[in-house]
Amino acid sequence: MSELTSNELIRLSAAALAAKLRAGEVTSVEVTQAHLDRIAAVDGQVNAFLHVNAEEALAVAAEVDAIRAAGGAAAEELHELAGVPIAVKDLIVTIGQPTTAGSKILEGWHSPYDATVIKKLRAAKMPILGKTNLDEFAMGSSTEHSAYGPTRNPWDLERIPGGSGGGSAAAVAAFEAPLALGTDTGGSIRQPGAVTGTVGVKPTYGAVSRYGAIAMASSLDQIGPVSRTVLDSALLQEVIGGHDPFDSTSLTDSFDNLVEAARTGNVQGMKIGIIKELHGEGYQAGVENRFNESLELLKEAGAEIVEVSCPNLKYALGAYYLIMPSEVSSNLAKFDGVRFGLRVLPKEGPMTIERVMAATRAAGFGDEVKRRIILGTYALSAGYYDAYYGSAQKVRTLIQRDFDAAFAQADVLISPTAPTTAFKLGEKLDDPLAMYLNDVATIPANMAGIPGLSLPGGLADEDGLPVGIQLLAPAREDARLYRVGAVLEALLEEKWGGPLLAQAPSLVEPVETLVETHGGSK
Amino acid sequence: MSTDTILSFEEAMEKYDPVLGFEVHVELNTKTKMFSSAPNVFGDEPNTNVNEVDLGLPGVLPVVNKAAVESSIKIGLALNCKIAESCRFARKNYFYPDTPKNFQTSQYDEPIAYDGYLDIELEDGTVFRVEIERAHMEEDAGKLTHMGGAAGRIQGADYSLVDYNRAGVPLVEIVTKPIQGAGSRAPELAKAYVSAIREIVKNLGVSDARMERGNVRCDANVSLRPHGQERFGIRSETKNVNSLRAVEHAVRYEIQRHAAVLDSGQPVIQETRHWHEDTRTTTSGRAKSDADDYRYFPEPDLVPVVASREWVEELRATLPEPPAERRKRLKEAWGYSDLEFRDVVNAGVMDSIEETVAAGASASAARKWWMGEIVGRAKTADVDPAELGVSPQTIVELNGLVEEGKINNKMASQVLDGVLAGEGTPAEIVEKRGLAVVSDDGPLLEAIDAALAAQPDVAEKIRGGKVQAIGAIVGGVMKATRGQADAGRVRELILEKLGVEG
């Protein structure tokens, strides 16, 4: 039926696929199958997926095709993205597929309930292609902390795809899925977006229900979209957003103006603030160059560039590494082998509940998870609480005030998303602090609960790898990100001669060739 | 079981001044749980009233039950507390398999209600004010059953079963300030306090308030200090004392035990104690020190509970009559004397009498049955009168049989025994046991003639107007009929026979 080849189909944006589906130029089964074929062809190299959900995805696709073929009211009522397939980070629980959180402790566990965002995907009839890889319990910036092996960056298979949502970002970057869901606690959507040349959005805290996202740090976690275009993220955020009575922290505001903002992008007369503390020293030269270029483009498009200062951001990383592990230590207490998941019996000695819990947790959790549980347990302990958790909460308030002041001077703030381009696998694995520094520019948004968007800003001169540009807006003003993001995206595409990902290696060639093409890798 | 030595209560009181404190947990009777939509129902098959939230499955989030907040505010208001305009939940972190998340979601430093008081009326009418520190919301844990060991205890058990039906049931914990100055009335005050709390929550309709089901659970703190000393002694906390009588006994026992420890020159150990109903003693539980570290921090999955002043006032307007005022009203309605009413209250049968009156009995008949028949039996059986197993409907039925003259009081007492033995309804028991008042006047008249003939002098006295002498004749008739006659009818017939106006 389709005149497009499978290889062309997978390169279309979600919005373009949706238009072709509506026009009857292509079927959802064709689209879904094309992505499943792509997964089969390249995921051996990328390892973006932990589970592929082919049967169910095709069944949903066939259902959408049947409804559309029958026409009438049911076809009219189909959601705009009906039939457009999507991948889901394996931190989000799904009926009918395993959910591992990238951990051995949940190996083989099937959730008996769907996350709210999954219910919304099902209601929109979007075929779920499968579950994507992540750092264990979303703790990491490289996806190397997955218990199921690292995901590789489609731009260079020897490099990390970012983390924790490296699987979702890599799947979208490698054309294995047009859309994906991620979760962002300190940058887990945006930083992988930056290093894979994709778009990732952390919505305002509370804009998307967290019900069914396995909690890492409850006050920081947020589910958000991963895509190849700004418009696609807006489309997806409108699908998954909205108030949820099952999440007390979810907002009652409606976020239904996002797609319109992305479609009518305009920066004329807008004030865009450079955050003094989030660029310059510590940022790779190629990253700085692309960042400055974006500022020039925005200025040319009619925006006024101003500089703002958020002096307390220098404490953000430190405060984050107290609040996040504190919540982690409590949120992960439930993984004890009593009710679900892995259960490990002590090899010797008495079989008491404490010893079974201890043996299970010792065997089931990886080092990074243990590190954070220990850190958080310590930070919450009597006698230390005020100095650590208490002080960190005060810093959080100061950061929020800094942002309030900054947004009094600028409509949107801008910074590089990550200080560097993708680093090599293993490079920072033994240096947790170096790893944590990757999130220095993304963590502040989580601390303040404000929305942030990362979009590809071009390739770094020194290594030819993608650079991410981050936009930040005041809480509940997610639409501003899309309005500015769409403009910057268009200007950058013009500058780079089309979508950046068109320049990524094709992956279907033998791996040896790829290594030659990218001489820098080994 | 206990090897603790104790002092006599009198000697303990001579030497020491007791200070009490109570933590009473009240299970709310909301339709659903504190943070989930699972049903809050007692007694169902294990692990049936649970959903993913109660099991703490990955990804779940709590949502505060508004009805539970309303109930908590009502309790706070009934305890004369201030209601927080905004308050938060916290997480109390500890690993134990009855707590699915391995933390309990509980209010910590921001209780919904605080700074209240409750006036407690003791048996002799003395009113004692107990200051309420706070009443806060929390969730109950699941129920563990230890299998294979002795007496269901964890020591020596092979394995344990866990039922999460109770996990997440809404609780309000009511904490008193230290209660000083009760002296030798401390055990009595303890019982009266818990009784008052139970009465209040039942009256509010926020809890089923059945202690035997654990709807109201009391932890009793006791410490002693020498008379005249300002500083408190070291306290023990006796956990889960779950009947009114047990509260009184446990406080009394702990006072006696502490006194013996102090007398021996040893320090009291700060610890939890377990109450044993069978021996009426406590045994050492867990050493409780300030080193217990639950790593409390504000629950990040919940937003603060905001109680607007308008809402609080709306709820205040819905509060039912407070128990003390209710007592005053009932006393007047029933026409009991001060003494009669106090006996009724102290015997714990006021509610039962109210229900019996509501079921159709007169106030005097209801009192006669409960005070005359039930209280004594309950005391013998060592249970609360309401828990003896006689329903108000049974009393009404029984009383009806007497008033209709079908049985007399003596027979009624036998019928009651039959009811308690599970033989059926009063009517069925009368039938089965062949108990029926001789209502054919023929045999009665013969017996009356015989009795009058046997005591001619008494008969003469009655004829002469000394009607009060009739008892001797009635007694003779009753004896002759082996109690089967209706004494009232016998009296009527005698007077008729002798031509005297009753």
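The values are calculated or read from the model by the stated rules, or taken from the named source; none is laboratory data. If you're wondering where the values come from, they're calculated on a predicted model, not measured in any experiment. Counting neighbours? That spans all protein chains shown, and the Cβs are built from the backbone with ideal geometry, glycine included. Just so you know, the surface numbers come from the protein's heavy atoms only, side chains and all, with ligands and any DNA or RNA stripped out. Shrake-Rupley method; radii C 1.70, N 1.55, O 1.52, S 1.80 Å.
Can you find a residue in the range B:305-321 that is at pLDDT below 95 and closer than 30 Å to B:Val251 by Cα? Scanning the range B:305-321 turns up no residue that is at pLDDT below 95 and closer than 30 Å to B:Val251 by Cα. The criterion of at least 2 residues that are surrounded by fewer than 23 Cβ atoms within 10 Å (Cβ to Cβ) and among the basic types (Lys, Arg) is met, among helices (runs of 4 or more DSSP H) falling completely within the range A:1-92, by A:14-22.
Only residues that are hydrophobic (A, V, I, L, M, F, W, C) and surrounded by fewer than 24 Cβ atoms within 10 Å (Cβ to Cβ) were counted in the range A:141-155, giving 1. Taking the criterion of being out of contact with any Leu (no Cβ under 6 Å at 6 or more places or on another chain), open to solvent by 20 Å² or more (accessible area, probe 1.4 Å) and either over 28 Å from A:Thr397 (Cα atoms) or of a type outside the set (A, V, I, L, M) (or both), the residues of the range A:302-333 that qualify are A:Gly302, A:Glu304, A:Glu307, A:Ser309, A:Pro311, A:Lys314, A:Tyr315, A:Gly318, A:Tyr321. Any residue in the range B:36-55 that is of a type outside the set (D, E, K, R), more than 13 Å from every other protein chain (Cβ to nearest Cβ) and not in a loop (DSSP other than H, G, I, E, B)? Yes, the range B:36-55 contains a residue that is of a type outside the set (D, E, K, R), more than 13 Å from every other protein chain (Cβ to nearest Cβ) and not in a loop (DSSP other than H, G, I, E, B). Of the helices (runs of 4 or more DSSP H) lying entirely inside the range B:339-409, not one contains at least 3 residues that are within 22 Å of B:Arg213 (Cα to Cα) and over 19 Å from the mean Cα position of the chain (by Cα).
Quick one: is A:Arg372 of a type outside the set (A, V, I, L, M, F, W, C), touching a residue at least 60 places away in the same chain (Cβ under 8 Å) and closer than 17 Å to A:Met216 by Cα? Reasoning before the result, please.
Details: of a type outside the set (A, V, I, L, M, F, W, C): yes; touching a residue at least 60 places away in the same chain (Cβ under 8 Å): yes; closer than 17 Å to A:Met216 by Cα: yes.
When the stated conditions are applied, A:Arg372 passes them.
Quick check on this structure: which one of B:Asp119, B:Asp109, B:Asp115 is away from chain A (no Cβ under 14 Å) and in contact (Cβ under 8 Å) with a residue 60 or more places away in the chain?
Values: B:Asp109 fails: away from chain A (no Cβ under 14 Å); B:Asp115 fails: in contact (Cβ under 8 Å) with a residue 60 or more places away in the chain.
Every option except B:Asp119 fails the conditions.
Looking at the range B:87-104, which of the residues that are more than 7 Å from chain A (Cβ to nearest Cβ) and among the aromatic types (Phe, Trp, Tyr) is surrounded by the most Cβ atoms within 10 Å (Cβ to Cβ)? Among residues in the range B:87-104 that are more than 7 Å from chain A (Cβ to nearest Cβ) and among the aromatic types (Phe, Trp, Tyr), the one surrounded by the most Cβ atoms within 10 Å (Cβ to Cβ) is B:Phe89. For B:Leu302, the conditions (1) more than 14 Å from chain A (Cβ to nearest Cβ); (2) modelled with pLDDT of 95 or more all hold with the exception of (1). Within the range B:199-250, the set of residues being open to solvent by 70 Å² or more (accessible area, probe 1.4 Å) and more than 15 Å from the chain's Cα centre (by Cα) comprises B:His227, B:Gly228, B:Glu230, B:Arg231, B:Phe232, B:Ile234, B:Arg235.
Taking only the range A:349-389 into account, find how many residues are within 11 Å of chain B (Cβ to nearest Cβ) and either closer than 30 Å to A:Leu317 by Cβ or surrounded by fewer than 14 Cβ atoms within 10 Å (Cβ to Cβ) (or both).
Let us first name the residues in the range A:349-389 that are within 11 Å of chain B (Cβ to nearest Cβ), namely A:351-354, A:356-358, A:361, A:376-385, A:388-389.
Next, from what is left, pick out any that are either closer than 30 Å to A:Leu317 by Cβ or surrounded by fewer than 14 Cβ atoms within 10 Å (Cβ to Cβ) (or both): A:351-352, A:354, A:361, A:376-385, A:388-389.
Looking only at that region, the number is 16.
For the range B:410-449, give me each residue that is open to solvent by less than 60 Å² (accessible area, probe 1.4 Å), among the aliphatic types (A, V, I, L, M) and in a helix (DSSP H, G or I). The answer is B:Met411, B:Ala412, B:Val415, B:Leu416, B:Val419, B:Ala427, B:Ile429, B:Val430, B:Leu444, B:Ala447, B:Ile448.
The residues listed here are A:Gly130, A:Gly102, A:Gly108, A:Gly140; of these, the one that is within 14 Å of chain B (Cβ to nearest Cβ) and within 19 Å of the chain's Cα centre (by Cα) is A:Gly102. On inspection, B:Thr282 does not qualify as of a type in the set (Ser, Thr, Tyr), open to solvent by 60 Å² or more (accessible area, probe 1.4 Å) and either more than 14 Å from chain A (Cβ to nearest Cβ) or touching a strand residue (DSSP E or B) at 6+ places or on another chain (Cβ under 6 Å) (or both).
Across the range B:486-502, the qualifying residues are those that are surrounded by fewer than 16 Cβ atoms within 10 Å (Cβ to Cβ) and within 18 Å of B:Val402 (Cα to Cα), and the one among them that is farthest from the chain's Cα centre (by Cα) is B:Glu492.
For A:Thr397, the conditions (1) in contact (Cβ under 8 Å) with a residue 24 or more places away in the chain; (2) open to solvent by 50 Å² or more (accessible area, probe 1.4 Å); (3) polar (S, T, N, Q) all hold with the exception of (1). Checking B:Pro187, B:Pro178, B:Pro170 one by one, the residue that is crowded, with 22+ Cβ neighbours inside 10 Å and within 26 Å of B:Ala12 (Cα to Cα) is B:Pro187 and no other.
To keep it simple, each residue is scored yes or no on (1) open to solvent by 10 Å² or more (accessible area, probe 1.4 Å); (2) among the hydrophobic types (A, V, I, L, M, F, W, C); (3) out of contact with any Gly (no Cβ under 9 Å at 6 or more places or on another chain); (4) within 25 Å of A:Glu493 (Cα to Cα).
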{"site": "A:Leu134", "(1), (2), (3), (4)": "no, yes, no, no"}
{"site": "A:Leu157", "(1), (2), (3), (4)": "yes, yes, yes, yes"}
{"site": "A:Phe175", "(1), (2), (3), (4)": "yes, yes, yes, yes"}
{"site": "A:Ala180", "(1), (2), (3), (4)": "no, yes, no, yes"}
{"site": "A:Tyr211", "(1), (2), (3), (4)": "no, no, no, no"}
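Here is a list: B:Asn47, B:Asn29, B:Asn51. Which entry is at positive phi, open to solvent by 30 Å² or more (accessible area, probe 1.4 Å) and touching a residue at least 12 places away in the same chain (Cβ under 8 Å)? Full working, then the answer.
On the way: B:Asn29 fails: at positive phi; B:Asn51 fails: at positive phi.
On inspection, the qualifying residue turns out to be B:Asn47.
Residue-level check: of (1) on the phi > 0 side of the Ramachandran plot; (2) touching a helix residue (DSSP H, G or I) at 6+ places or on another chain (Cβ under 6 Å), A:Gly206 misses just (2).
Show me the strands (runs of 3 or more DSSP E) entirely contained within the range B:138-255 in which 3 or more residues are in contact (Cβ under 8 Å) with a residue 24 or more places away in the chain. Working first, answer last.
Details: elements: B:143-147, B:159-163, B:170-176, B:216-226, B:236-241.
Hits in the range B:138-255: B:159-163, B:170-176, B:216-226, B:236-241.
Of the residues making up the range A:247-259, at least one is more than 14 Å from chain B (Cβ to nearest Cβ), at pLDDT 95 or above and part of a helix (DSSP H, G or I). Every listed requirement among (1) more than 24 Å from A:Arg343 (Cβ to Cβ); (2) open to solvent by less than 10 Å² (accessible area, probe 1.4 Å); (3) within 13 Å of another protein chain (Cβ to nearest Cβ); (4) touching a Phe, Trp or Tyr at 6+ places or on another chain (Cβ under 8 Å) is met by A:Thr116 save one, (2). Applying the condition of being under 22 Å from A:Asn438 (Cβ atoms) and of a type in the set (Gly, Ala, Ser) to the range A:299-348 and asking which residue is nearest to the other protein chains (Cβ to nearest Cβ) yields A:Ser326.
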